[in-house]
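Reading through the C-alpha cells given below for one structure.
The values are calculated or read from the model by the stated rules, or taken from the named source; none is laboratory data. Owing to the predicted nature of the structure, the values given are computational and were not obtained by experimental measurement. All Cβ positions, even for glycine, are placed from backbone atoms using ideal geometry, and neighbour counts span all protein chains on display.
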Amino acid sequence: MEIGLIVLAAMLATLLGWILKQSFNTQPWLAEVVDETANQAPFNARPKLVALTAFLAVVTSFFALILSAYSLRMELGDWIPLTEPQLLWVNTGVLVLASVAFQWTRNIAVREATPRLMPGLLLSGVLTMVFLAGQWIAWQQLNASGQYMTSNPSNAFFFLLTGIHGLHILGGMYVWARATVKAFGGDVDAVRHSVELCTIYWHFLLLVWLVLFGLMLST
Amino acid sequence: MPLAVVLILLVVGSLVFHVLSPWTFTPLASNWGLIDFTIDITFWVTGAVFVAVNLFMAYCVIKFRYKKDAQATYEPENKKLETWLTALTAVGVAAMLTPGLFVWADFVNVPDDAHEVEAVGQQWHWSYRYPGVDGKFGEVDAERISSDNPFGMDPDDPNGQDDVLIMHPEARLPIDKPVKFLLRSKDVLHDFAIAQFRVKMDLVPGMQTFLWLTPTALGRFELLCEELCGIAHHTMRGAVIVEESDDFDAWLAAQPTYSEITAQAAGNAAVGAGQYIVCAACHGQQGEGLAALNAPKLAGQSAWYMKRQLQNYKSGARGAHADDVFGRQMVPMAATLADDAAINNVVAHIQTFPDVPAPATIDGDVENGAKLYNVCAYCHGDQAQGIEAMNAPRAAGMSDWYLARQLQNFKDGIRGSHPTDYYGFQMGFMARVLHDEQAINDLVAYINTL
Amino acid sequence: MGYVAIADRDHEIEHHDPQTFITKYVWSQDHKVIAIQYGVTAIFVGLIALGLSAMMRLQLGFPDSFSFINPENYYQFITMHGMIMVIYLLTALFLGGFGNYLIPLMCGSRDMVFPFLNMLSYWVYLLSVIILIASFFVPGGSTGAGWTLYPPQAILPGTPGVDWGILLMLASLAVFIVAFTMGGLNYVTTVLQARCRGMTLMRMPLSVWGIFIATILGLLAFPALLVSAIMMLLDKTIATSFFMPAISSMGVDPGYTGGSPILFQHLFWFFGHPEVYIVALPAFGIVSDLLSTHARKNIFGYRMMVWAIIAIGGLSFIVWAHHMYVSGMNPYFGFFFATTTLIIAVPTAIKVYNWVLTLWEGNIHLRVPMLFAIAFIFTFIHGGLTGLFLGNVTIDLPLSDTYFVVAHFHMVMGVSPVLVVFGAIYHWWPKITGRMYHEGLGKWHFWMTFLGTYSIYLPMHYLGFAGVPRRYFAMGNTEFLPESAQDLNAWITMSALFVAATQVLFFINVIWSLKKGPKADPNPWDATTLEWQTPDNPPKHGNWGHELPECHRWAYDYSVPGYKDDFIPQNVPASDAAPAGRDHGVEH
C-alpha cells in the first residue's frame, strides 16, 4: 500500500497547503480584516479546469491503488514475471507523439485568433487510435503465445492495467470526438477550451502509461 | 428541561447498567490478564469523559435554556482553554494507548518454549494437528487435500509421519504451558476465538497465522468461528479442553498419527458379511431397511457416515437420550462390533449391496419442500447426494420415514445434543429452521423427487 | 470563448425557470430538486434496509420462531442492510442530498457549476439502486457475504447469492462510484469556484466544510472500492487469482492459485475507513450549524473546528488497518495503526468539546432540530469512546467480531448520523418546502427515536463483552453465556421494532406538513447563513432572483454584543447592521 499512500499523501499535502494558505492567521469573525474584494480573483476562473484537476486526482488515486495491489501481489509465491511484447515500445512512442500533437494543437488554439485546429485534432486522434490498436495487437500477441489473463497474476495485472488505461483513453476520445465534430462545423471558439483540457488529459495519461510501463518492465 | 433530566438519567442509568450487568467478560482462563487490565484503564478514562462531558452538557441545557431577555455570550474562541483541553485529551489517549502497545508487543512475540498446535478451519468444521514426538510438522499443501487426505499432508515428508491428526473439533491442551496455535484454513476466512482466553485470530487460506496463550484454568472452553464463513457460520463450533499435563500426554498418545491412519487396513467385506447377520434381522438382507421394525435403509449410504454413526452409538454420543426410543435399540447392536476394524468390515459389506431407492411413503408440498431444501443443499448437495467434505450424509433415495424422524429428533434435541456428537450438533441448528411437521414432510417429499 | 460561470449569467436567469412538470421535477437540473430526488431515493432504500434489520432482529431476539427466516436469507438480510445503510442511504443522503441542497445556497451561488452533470449523477445513482434492488430477485437472491464482501467466501458456493447476487452487487457498487464521482467533482468545483463575493473559505459555514472535505475523501477513497470490485469480478467471472488462494472448497478444487484475501481487505478498508468519515464529517458540520443557530451563539472555536475536520479527513487515510488487527496481516502493523487510530481521537474530541462549549452561555432554544443535535452529541460521545476500545489493538483482541463492534459502529455511524439527518431535515424543512412541521409530533419522534436507539445499543455492547459473536444466525446453547443473554437479545429486538415503528411519526409529520402545515417564515430560526436570506421561500431555480448575495461576515454572528438583533445575516454589510453603540469585533 506504500505507493497508494505516498501518492495520496502528496495530493492531500497539496490540498492542505492551499487551505492553510487561505486560512492561516485569518480571524473570520473580524469583518474588517478581510478585504471584501480580495477574493474575486479565483472566482469564476475556470470551473472545467478545476473539475478536470479534481478528476485527475481521482484517477491518480485509482491507478496508485492498483499499483499498490500490484506490488503486494507480486511478493506472493506464484508470481511469474511476464515478458512484455516488444510492440509496447512502439505503442509508447505513438502515445508520446499523440501527446505532442495535442500540445501543438493547443498552442495554435491559444495563440491564434482564428486557429485552424482540424489538422492537429485529426493527427492527435489518429495517433491515439493507432496506440489503442497497438495495445489491442499486443494483447492478441500475448494470447497467441498462450499468455492468457488467467495464466498468472502478472498476466492478469498486465491485462487489467493496460485495459483500464485504454478505457481512460477511450473516455478522452469521446471528448476529442465531440471537439472534432464541433471544429469541423467551424465552431472553433467552443473547441478551444476542450483542446486545452484534452491536452492536459493526454499528457496525464501519457505519464500514467510511462509509470505503468516502467513498472511492468522493471518487474 | 426534560432533555437535561433525561441526559442525566441516561448517564446515571448507563453507569448503573454497567455495574449491575450480569453480561460481562467471562472469567479469564489464560495468561492474558494484561488485556483485562488495559480494558480496565480504558473503562476508567472513557467513563470519566462520558460522565464529565455529558453532565456538563446537561448543566448547560438547564442553565442556559432560552430566556426571553437573556443574551448569549459572544466568544469566537479561547485559545488557552482549547490548548488545555487538547493537551488533557492527548494525555488520556496516551494513558490508554501505552499499555495497549506493550501488551500487543507481548502478543506478537511468542515465547520460545511454546509448544505448537495447528488448528485447521474449513466450512464449517475444525480439526487439529499436533507435531508428534519429533516436535515438527510435516509439509501440507492445499492442492493435496482430498477425502482421503483431509489435511493435505505430504506422504513423503518424514516430519509428517508422526503428526497427530484430530479429525473432530475438540482439541486438548496441557495447563500452564504456553502454546502457539498455528492457524490454517482450507477454503475461506475463519476466526479462532475462545472467549475465556481473550485472544483471537483469523484463519486465512493460502497463509498461516498464529496466536499464543498459556491456559491457566482447567476445563472445557468453547471455540467459536468469529469470521463470517458462509451460511452455517454460526454452527462452526469446537472446544479446547485444558487438562493436567499427565492427562494430556496420555490423551495425545492415544490419538492416531498420520502414518497409523494411512496404514489402516481397508474394511474386509467378506469378514463383514458374518457380522452383518445381526444387522440383517432388522435392516434386511440387502440393507434395504424395514419400516415396520424402524430400521432404515443402509444400502447406498456413504461408508464414512455409517462408520461415524456406529462409533457414536458405541461411544454413547448417539442413542443415549431418554426419548430416542429407536436409537436406544441400536446401542446394544452396535456394541457387538468390537473395534474400528469390525466396523470397517461390516460397512465394507454394506457397500456391496445394490442401491435400490427406498419407496416413498411421505406426502407433502414438493414446491415448498424445494424452497426449504435450498438451505440443506449447501452441505448435502443439490441432489441430496451427500458431501463427505462437509460431513453431510446422503439423503436422496434413503428411507424417507427415517429421514423425517431424524429431522424431528434433531429439532427436539433428541439427537445432536450430546457434547461429542459434533456434527449432529450442527444439524440440530439447521433442523430448527423447520417449523413444524408439515415443513418436515414437505422437505422430505421434495428429497423423494431427487 | 472563456467559460462563464453560472454565477455571472445574471442575464440568463429566465432560462432558470423550466416550465413543464418533466423538466421541473424529473429531468431537473436544479440542485434543490436533485437534492430532493437524492434524499427521497436514499430514504426509500433506507426504509428497505430498516425492514431487513427488523427481520434480522426478529431472528436474533426470538430464534427459530419465524418460518420466513432461515440462515440463507438471514445472511442476505445482514449484507444488504449494511451495504444499503452505509453506501446507498448515508453516503447518498449526506452528499447527494444535503450536499446538493446546501452547497450552492450556503455559498451564495445559483446552482452547481455543472447542472447537467449533477442531474446525470442522480440518474446514475438511481440506476445503481435499481441494480441493487434487482439483486433481490435474481436466482439465488442477493449476496450474503456480509457488507464487507470478503473473498474467498464472497464468491464461493458456501455463501448465498454466489451466482448472480454478488455480480449485481459489485456492478451496482461500480455504478454508484461513477455517480458519486460525477456528483463529487461538482461539489468540489462549486465550493472552489462558485462562491459569492466575500465568501472566503474561512467564512463558509461548517456544514459546507464538512461536506467539502467528505467529498474529497470520497473522491480519493472510492477508487479503492472500485479497484477491489473490478478485481473480484475478474476472480469470479474468469477465474483470475487476485484475491483467491489455492483452496479446497467443499471438497472441490476451484482452480485458484496463490492470491491474497488480505490484499482485498487492505483495499476494502482503504476505502472503508474514510467512508466512515464521508458520513461523519457532513454530520459534524451540519450539527455545528444546528447547535450554533438554536443556541443563539457563535460556534465555539471555528478555526479549530475547520482544522479538526481537515485533520480527521487526512488521518482517516492512515488508520484503515485497525479493521484488520485480527485479520492475519503482519502483526507489527498493529503498533502503527493503533497509534494513528488513537491520535485521531484528539481532533474528534476537540470537536465534541467545542460543540458542548457552544452551548455554554448560550440562549438555548430546545426546538426539534436542537433536540436531535444535542442527542447526537450524547450518542456520538458514547460511540466515540467505545471506538477507543476497538482502536487500541490489544483490546480489539477480545472484542473484535463481537456484538461490541456492532454496537459501536451503529452508535457512531448509525444512530449519530441519523439523528443529524433528522435534525437537519427538521431544521431545513421550512426552507425546502416553505411550510412548518408539527412541533409536537417532531418532539415525540425525537424522544422515541433517541431513547429507543439507546435502549438498543447500550445493552448490545455488554453482549459483546460477554463474547456473543456478530453475524451469528443463532447462538444456541453455550456454556459461557448466561441464559439471560437471550432475554437481553429479545429486549434489544423489542426496542429495535419500537424504534422502527415510531419512524411512522416522521412520515405523518411530513405528510401533515405538506398538506396542512402553516406557511413558514423565510428565516424561522433567525439564522445567519445565506440559505435563509433567499428572496423566495422556498428558493426558486437560480436561488437569488436578480442579484447574487454578497458575503460580509462569517456564518456565526449570533448575539454580537452591541447589536439590536441577536443575529446578523452573512449578507448584511458592516454598515447596515443595526448597532446599538459600538461597532462589533473591534475589541477582538
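The table below gives the values:
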{"item": "Boolean, B:V103 is among the aliphatic types (A, V, I, L, M), closer than 30 Å to B:A171 by Cα and either crowded, with 20+ Cβ neighbours inside 10 Å or within 9 Å of chain C (Cβ to nearest Cβ) (or both)", "result": "yes"}
{"item": "In the stretch A:72-97, the residues that are assigned to a helix (DSSP H, G or I) and within 11 Å of another protein chain (Cβ to nearest Cβ)", "result": "A:L72, A:R73, A:M74"}
{"item": "Hey, C:F506 touching a residue at least 60 places away in the same chain (Cβ under 8 Å), in a helix (DSSP H, G or I) and either surrounded by fewer than 21 Cβ atoms within 10 Å (Cβ to Cβ) or of a type outside the set (K, R) (or both) or not", "result": "yes"}
{"item": "Test: residue in the stretch C:444-465 that is in contact with a strand residue (DSSP E or B) (Cβ under 9 Å, 6 or more places away or on another chain), aliphatic (A, V, I, L, M) and within 14 Å of chain B (Cβ to nearest Cβ)", "result": "yes"}
{"item": "Restricting the stretch C:365-399 to residues that are β-branched (V, I, T) and over 23 Å from the mean Cα position of the chain (by Cα), the residue that is farthest from B:L28 (Cα to Cα)", "result": "C:V393"}
{"item": "Count of residues meeting criterion [surrounded by 24 or more Cβ atoms within 10 Å (Cβ to Cβ) and not in a helix (DSSP H, G or I)] in the stretch C:404-436", "result": "0"}
{"item": "Which numbered condition B:F425 misses (of (1) surrounded by fewer than 20 Cβ atoms within 10 Å (Cβ to Cβ); (2) in contact with a helix residue (DSSP H, G or I) (Cβ under 9 Å, 6 or more places away or on another chain))", "result": "(1)"}
{"item": "Residue in the stretch C:326-336 that is within 11 Å of chain B (Cβ to nearest Cβ), touching a residue at least 24 places away in the same chain (Cβ under 8 Å), outside any loop (DSSP other than H, G, I, E, B) and surrounded by fewer than 22 Cβ atoms within 10 Å (Cβ to Cβ) present", "result": "yes"}
{"item": "Residue selected from the stretch B:115-167 under the condition of a type in the set (S, T, N, Q) and over 18 Å from C:S248 (Cβ atoms), by the criterion surrounded by the most Cβ atoms within 10 Å (Cβ to Cβ)", "result": "B:Q161"}
{"item": "Residue within the stretch C:138-149 that is crowded, with 21+ Cβ neighbours inside 10 Å, more than 19 Å from C:I36 (Cα to Cα), free of Cβ contacts under 8 Å to residues at least 40 places away in the same chain and outside the structural domain of C:L220 (by TED's automatic domain parsing) present", "result": "no"}
{"item": "Any chance B:S127 is in the same structural domain as B:I231 (by TED's automatic domain parsing), touching a residue at least 24 places away in the same chain (Cβ under 8 Å) and either of a type in the set (S, T, N, Q) or not in a strand (DSSP E or B) (or both)", "result": "yes"}
{"item": "Verdict on B:D191 being of a type in the set (D, E) and surrounded by 16 or more Cβ atoms within 10 Å (Cβ to Cβ)", "result": "yes"}
{"item": "Filter result (polar (S, T, N, Q) and under 22 Å from the mean Cα position of the chain (by Cα)) within the stretch C:266-308", "result": "C:S288, C:S292, C:T293"}
{"item": "Filter pass, C:L357 being assigned to a helix (DSSP H, G or I) and touching a Cys at 6+ places or on another chain (Cβ under 9 Å)", "result": "yes"}
{"item": "Subset of the stretch A:180-219 [outside any helix (DSSP H, G or I) and in contact with a helix residue (DSSP H, G or I) (Cβ under 7 Å, 6 or more places away or on another chain)]", "result": "A:T219"}
{"item": "Selection count where residues are hydrophobic (A, V, I, L, M, F, W, C) and facing chain C (nearest Cβ under 8 Å), scope the stretch B:46-64", "result": "8"}
{"item": "Every residue from the stretch A:161-181 that is touching a Ser or Thr at 6+ places or on another chain (Cβ under 9 Å), of a type in the set (A, V, I, L, M) and within 15 Å of A:V130 (Cβ to Cβ)", "result": "A:I169, A:M173"}
{"item": "Residue list for the stretch C:141-179, restricted to those being outside any helix (DSSP H, G or I) and under 24 Å from C:L93 (Cβ atoms)", "result": "C:S142, C:T143, C:G146, C:W147, C:T148, C:L149"}
{"item": "Flag if B:M153 is under 14 Å from the mean Cα position of the chain (by Cα) and farther than 22 Å from B:E244 by Cβ", "result": "no"}
{"item": "Test: residue in the stretch B:101-111 that is touching a Cys at 6+ places or on another chain (Cβ under 7 Å), aromatic (F, W, Y) and in contact (Cβ under 8 Å) with a residue 40 or more places away in the chain", "result": "no"}
{"item": "Residues (within 26 Å of C:Y256 (Cα to Cα), of a type in the set (V, I, T) and at pLDDT 90 or above) located in the stretch A:48-100", "result": "A:I66"}
{"item": "Residue in the stretch C:180-196 that is assigned to a loop (DSSP other than H, G, I, E, B), β-branched (V, I, T) and under 24 Å from the mean Cα position of the chain (by Cα) present", "result": "no"}
{"item": "Where a residue in the stretch B:318-333 is within 18 Å of B:K297 (Cα to Cα) and its partner, wherever it lies, is of a type in the set (A, V, I, L, M, F, W, C) and at pLDDT below 90, with Cβ under 6 Å and at least six apart", "result": "none"}
{"item": "Candidates C:L132, C:L170, C:L126, filtered to the one that is surrounded by fewer than 21 Cβ atoms within 10 Å (Cβ to Cβ) and either away from chain B (no Cβ under 14 Å) or at positive phi (or both)", "result": "C:L126"}
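Listed here are the residues, each with its yes/no results for (1) aliphatic (A, V, I, L, M); (2) within 14 Å of chain B (Cβ to nearest Cβ).
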position: C:R203; (1), (2): no, yes
position: C:P245; (1), (2): no, yes
position: C:T257; (1), (2): no, yes
position: C:A280; (1), (2): yes, no
position: C:G285; (1), (2): no, no
position: C:L291; (1), (2): yes, yes
position: C:A295; (1), (2): yes, yes
